[in-house]
Structure formats: structure tokens, C-alpha cells
Amino acid sequence: MAAKLRKGDKVIVRAGKDKGKEGVILSVDPKSKKAVVDGVNMAIRHTKQTQNSQGGRIPKAMPIDLSNLSAIDSNGKATRIGFRIQDGVKVRVAKTTGDVIDA
């Protein structure tokens, strides 16, 4: 199945403790159907100090299920994503506005 949500997409959280928050996808793991979104589903990780980094309690974005995320269209509203063939290339399309998400 084609990837409807990709790295760099602006999304809104539809369910869970961070419902309503917006962010940009940092990474996607299609096998586990999860994505890491900047500033969403934060957890505190206790890290030991090393030569390269300061130790302490570091907030870290944890993976969130793709079913709890929705892409944001050009109007700033949540939208579903469909596919269309345009000039012989398969492109992602916002269902609410019909705009092409990636050229």
C-alpha cells in the first residue's frame, strides 16, 4: 500500500493525550505503522552524560500510531489523502480541497 503520510508532512493529532496538537512528521516506520511527530507524544528520557552531550532529563518525541494522525490541507483543516494520476505520475491529493500535496 502506498504511503499516505510521509516525512515532512504537516499533521494534526486526532486522538489520544495530544489531541488537537499540530506538528511535522520527523520519521515514519511503515512496518509498525507509527510516526514520530515533532512536539507530540513527548516523554522524559534520563540520559547519562557523555563527552558529546550533557546528561539529565531530556524530553523526546515518541512514536504515535498513524491512525491517530491526519494531514492538514491548505486551509489548515484535517483531511484524508487520496491518489490521482497526473501527467503519468501518481500524486497524493487532499480529499477536502482536491489540491496536490506533492508535485
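With a Förster radius of 25 Å applied to the beta-carbon distance between Lys31 and Gln54, the computed FRET efficiency rounds to 0.15.
Solvent-accessible surface of the chain, taken per residue with a 1.4 Å probe and all protein chains present: 70 Å².
What does the extension gain come out to for Lys4 and Met62, with contour length at 0.36 nm per residue minus their alpha carbon separation?
Answer, rounded to one decimal: 18.9 nm.
Taking the chain as a Gaussian network, where each spring joins two C-alpha atoms under 10 Å apart, which residue of Lys34, Lys19, Lys90 fluctuates the most? Taking springs between Cα atoms under 10 Å, the residue moving most is Lys90.
For the chain, the share of accessible area belonging to carbon and sulfur comes to 50 percent (1.4 Å probe, ligands and nucleic acids excluded).
Ala43 sits among other residues whose Cβ lies under 13 Å from its own Cβ, and their net charge, with Lys and Arg +1 and Asp and Glu -1, is +3. Once C-alpha pairs closer than 8 Å and six or more residues apart are averaged by separation and normalised to the residue number of the chain, the relative contact order reads 21 percent.
Per-residue surface analysis assigns Val89 an accessible area of about 80 Å², computed on protein heavy atoms at 1.4 Å probe radius. A dipole drawn for region 26-101 from +1 and -1 charges on Cβ atoms has a positive end, and of Gly88, Val40, Gln54 the residue lying farthest that way is Gln54.
The values are calculated or read from the model by the stated rules, or taken from the named source; none is laboratory data. This one's a predicted model, so the numbers in the text were calculated from it and none came from an experiment. Because the Cβ atoms are built from the backbone with ideal geometry, glycine has one as well, and the counts that use them run over all protein chains shown. Calculation scope for accessible area: heavy atoms of the full protein, side chains included, ligands and nucleic acids excluded. Shrake-Rupley method; radii C 1.70, N 1.55, O 1.52, S 1.80 Å.
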